[in-house]
Amino acid sequence: MVATTVATTIFYPRAAAAAATQRAVKRRRDRARGLPLPKGRVSIIGSSWTLDRRGRACKATKTPEEGSDAATAAALVVIEHDARMRERVSNAARVQSATPNRVDEFVLHEELTERKIAWAVRANDFELAKALKEEGARREQELSPSAQLAAALARRLRDPNSAETEVICADIVQLGDRRLVPSLLRALCTVDADNEAVSQAIEHAIWMLWQKSGNLHYDARLLDGIRAMSIVPDGLPMARDIFTEIMDADPGFAEAHNKRATVNYLMQLYDLSIKDCENVLILNPQHFGAHSGKGLCHLALHQYQDALNSFENALLVNPKMEHVQRYKESLQSMLEKSQRKHLRGD
């Protein structure tokens, strides 16, 4: 989710009731019916929107009354769908974490080897320096041709303030190798603060690689959803359905979850957006867009401490997001003032 939208802007007023009905399932009435009591916040779709059993957004023909059987059933459908998706996302994350990133491993090892060689030369241990250099060459030969090309681009990113960084980022986007994301994230943290053009180029390259699933059909469908999402408000339900379709087919594709989180935010379904952001972060803990988007949702729900925590997490990954920095500073100031008033007993 891209945190470039002011949280107070209303994009879809008719869907506001969907977020407002998050506590519509009353524990007292559920207990009377013998239904299981869900833990934590419950988001159900009321007013203009509802979800079918496949998680697709559709128009509600009738608004469920608070505490009614229809409202309770809608809530349980959402809870069931979210639980299944969270389990599939967790399984996908375990598989992804067990898959090594050979390119990034080589790049980090090569950088460490170069430092060892420099130390050996300073110590006049030229035999050790030669052995280390030969070992590095052998490790590079073990890489596949595509991995060697990706490693060559990553090697050029070590100095992100160089004049050719923007060209390198364009080459990375053209290559489309997701294994280069860690190198880009490191470059984003080390580029000079006043080098705005380079920062933007690096961030753009990261977003482009995040949109690569490894499956051309899913990538094309993601672009279809992005185009539909740009038509506010009429394209939002279609965009949400497309992203849900991709998520069902490939629960490990983090950007599909992130894009649906953005749609849910635009439809003011803040709790559902938070859940999608959480799925993104299970798959990709360094997704600064999901961190910042989660913060915007908490901000819209007046959960200021949670919003601050999310914005801080986003800035740890991408310190160049000035708008998130402003949100963070404003929230810190507000919470500090509130704390002082509380201590004074005002």
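Every read-out reported here was derived from the displayed coordinates using simple, explicitly stated rules and does not represent laboratory data. Quick caveat, the model's predicted, so the values are computed rather than measured. Ideal geometry is used to build each Cβ from the backbone, glycine not excepted, and the neighbour counts take in all protein chains shown.
Here are the numbers for this structure:
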quantity	calculated
Which of His298, His81 has the fewest Cβ neighbours within 10 Å, and the rest in rising order	His81, His298
Neighbour-limited loop hits for GluC sites (Glu not before Pro), the range 98-190 (at most 16 other Cβ within 10 Å; DSSP other than H, G, I, E, B)	Glu142, Glu164
Label-point gap, in nm, between Glu322 and Arg122 - each point 7 angstrom along Cα→Cβ	3.9
Fewest-first ranking of Thr99, Thr165, Thr262, using other Cβ atoms within 10 Å as the exposure measure	Thr99, Thr165, Thr262
Point-to-point label distance, Glu142-Val232, nm (Cα→Cβ direction, 7 Å offset)	5.0
For the range 102-199, size of Cβ-based charge dipole, Lys and Arg +1, Asp and Glu -1, in debye	320
Order of Asp192, Asp271, Asp104, Asp276 - criterion: other Cβ atoms within 10 Å of each residue's Cβ, fewest first	Asp192, Asp104, Asp271, Asp276
Nearest-0.05 FRET efficiency for Ser97 and Gln174, computed from C-beta distance (R0 41 Å)	0.90
